[in-house]
1. What is the number of the single condition among (1) in contact with a Gly (Cβ under 9 Å, 6 or more places away or on another chain); (2) over 18 Å from L143 (Cβ atoms) that L188 does not meet?
2. Looking only at region 132-183, how many residues end up being small (G, A, S), surrounded by fewer than 17 Cβ atoms within 10 Å (Cβ to Cβ) and assigned to a helix (DSSP H, G or I)?
3. Check whether at least one residue in region 315-324 is touching a Ser or Thr at 6+ places or on another chain (Cβ under 7 Å), more than 30 Å from H144 (Cα to Cα), modelled with pLDDT under 85 and not aromatic (F, W, Y), and report yes or no.
4. So which residues in region 411-437 are exposed (fewer than 14 other Cβ atoms within 10 Å of the Cβ) and either assigned to a strand (DSSP E or B) or of a type in the set (K, R) (or both), if there are any at all?
5. Could you list, in sequence order, all residues of region 74-93 that are at pLDDT below 80 and either over 26 Å from T129 (Cβ atoms) or crowded, with 19+ Cβ neighbours inside 10 Å (or both)?
6. Only one residue in N186, N198 is within 30 Å of I48 (Cα to Cα), at pLDDT 90 or above and touching a helix residue (DSSP H, G or I) at 6+ places or on another chain (Cβ under 9 Å). Which one?
7. Among the numbered criteria (1) of a type in the set (K, R); (2) touching a residue at least 60 places away in the same chain (Cβ under 8 Å); (3) farther than 12 Å from I349 by Cα, which single criterion is violated by R498?
Amino acid sequence: MNYLSVENLTKHYGEKLLFENISFGINKGQKVALIAKNGTGKSTLLNIITQHDIADNGIVTLRGDIRMAYLTQDFEKETNITILDTIFNADNDIVNSIRQYETALKNITIDENEANRKALETALENMETFKAWDFETRAKEMLHRFAINDFFVNMTELSGGQRKKVALVKVLLSEADFLILDEPTNHLDIEMIEWLENYLSMANTTLLMVSHDRFFLDKVCNEILELSPHEIVHYRGKYDYYLEKKHERILAQNAEQEKAKNIYRKELEWIRSTPQARSTKAKARIDNFMKIKEKAFAEVQPMAQQFAVKTERIGHKILEIEHLSFSYDNQLIINDFSYIFKRGERCGIVGKNGSGKTTLLKLITNNLKPDKGKINIGQTIQLGYFSQDGLSATNEGRRIIDIVKEHAEMIRMSDGNLISASAFLNHFGFHFDLQYTFFENLSGGQKRKLHLLMVLLKNPNFLILDEPTNDFDIETLTLLEDFLMNFQGCLLLVSHDRYFINKLVDHIFVLDGRGQIKDYYGNYSDYKQIENQINKNIEKQKKEVKTTYQKIKNINPNKRTYKEEKEFQELSAEIASLEEEKNIVINQLNAGNLKDEELIKYSERYSTIDTLLEEKTMRWFELSEKDG
């Protein structure tokens, strides 16, 4: 069953072509990732599909009988409304059935006529159909998953990241047939991302998603669409499969272009030596020459090349942390942490939001003073610190190339050669025409990338990076990874991008948010494997202790105790009684002769009975699994 069809879609942004004559479709059950460079129109394409923008040409057909929900980057900023009210301010079957029910109750109290009675009956049926009775409970549970625990805070008091989380919860609770998500993992820590990853993997929904989190893409999506200005390429497989097939595709394109260039050179000799063609055969050859020329000089993605700057020599002493402690607002962030860094060490830092990752980096870089302990930095160490604060606003009114040249006209590479500041910028996606753009005209992602490059081109031998992957497209992430893989100094990295950490680090610091820092040798996946095994062992030990205790007490774990047997018998009678009362209440509601206050009373009792039945039935099933 086809949910979405896009045919020959074209869109310009001013004079810039975003995409031209692209076509694709998405069927029921597909989970598709959309990837492309920043600025090539991923978000614009999603906005066109969801009718938040208009294409220049082309047709978008969305199946009319499905429920769609869209998480946008530019979500609406609610004013004078609480978080919980924002969740209820939605247009989906669940929320609409709740509104219908509340309206029906209100109307029946005003006028107890036949139409209002039927409206209430329909509302009750819809509440059952869409399982809307516990919607508020599910909303609070999901908000809690994303560390939002005060549900009655006004939306205007939230940070941008918190508002994005509320918008994400609102979309997930819609239980739509077709989810369209634009960077859903932004502002989430690793634990939150892993929960969302499992949720979307298990969800029986169709998905179109933009994300730069490759680990997340690989877990959730089984198909990939790669967008470029002149085509959209479909890969039927996960992210690793996409990388393999894209590499093969680039090799084939480069070989084909090289072949076209050889033919072009031969044909060019013929063109130059031949008078203006008059025969049909000669004209056809000239026309074919123009096609070959276009193919020979078409833009083809180059193969990755080694690119590394020269680092200063590192002496014997690098960086030593001795009994470091730090508290903030009476909360212990770091407690008695010591560590001695070794030459060439590559460490990652992970932990929940607010656990102290950035604080640790600021202490190391002397941007914060510790309560106790000290940090000793070797004389040969040159720190390069990429912070989340970004570049100073004093750069406004200046062009990119001028900002870079102020720090370095030429950059020495690891092979000893020098390259210009302009060539360095071009390698990381600041093409030559973009280098003369004023700082204030850059996007948020471009400003972050420029800040990172300013750190890298100073030739540090100890890099400290705080969330360097935020707002970067996958191509930029790949370039950065390759650069850091060839970096010869020490690396200390905070990132929620598990793919990025796995590729670059061999050592993990885990902050628990209570002051303790655990030390694991290996990358993030190694750490998770150890943690999972530890948790399994703990659960196994708990079961063994329970079994041993039961043996000591000579209790059969599969046999109900006297107290449980009594409870089981009572539950059977209570469930039967509640079922009987439920039928009576339904008959009363359907009779059509109730007064206003009676109708409200019976509706409320119906809700109570339904909740009690669910709780008691679950407990009955739990006890029934044991022998009587």
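The values are calculated or read from the model by the stated rules, or taken from the named source; none is laboratory data. What you see is a predicted model; the values in this text were computed from it and never measured. Glycine gets a Cβ as well: all are built from the backbone with ideal geometry, and neighbour counts include every protein chain shown. Just the protein is used for accessible areas: all its heavy atoms, side chains included, with ligands, DNA and RNA removed. Shrake-Rupley method; radii C 1.70, N 1.55, O 1.52, S 1.80 Å.
1. (2)
2. 2
3. Yes; the residues of region 315-324 include at least one that is touching a Ser or Thr at 6+ places or on another chain (Cβ under 7 Å), more than 30 Å from H144 (Cα to Cα), modelled with pLDDT under 85 and not aromatic (F, W, Y).
4. Across region 411-437, the qualifying residue is only L418.
5. D74, F75, E76, K77, E78, T79, N80
6. N198
7. Looking at each condition in turn, R498 falls short on (3).
For every residue, the table says whether it meets (1) within 24 Å of I377 (Cβ to Cβ); (2) within 21 Å of the chain's Cα centre (by Cα); (3) among the acidic types (D, E); (4) open to solvent by less than 10 Å² (accessible area, probe 1.4 Å).
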{"residue": "K458", "(1), (2), (3), (4)": "yes, no, no, no"}
{"residue": "F462", "(1), (2), (3), (4)": "yes, no, no, yes"}
{"residue": "D466", "(1), (2), (3), (4)": "yes, yes, yes, yes"}
{"residue": "N470", "(1), (2), (3), (4)": "no, yes, no, no"}
{"residue": "G489", "(1), (2), (3), (4)": "yes, no, no, yes"}
{"residue": "V494", "(1), (2), (3), (4)": "yes, yes, no, yes"}
{"residue": "N502", "(1), (2), (3), (4)": "no, yes, no, no"}
{"residue": "D506", "(1), (2), (3), (4)": "yes, no, yes, no"}
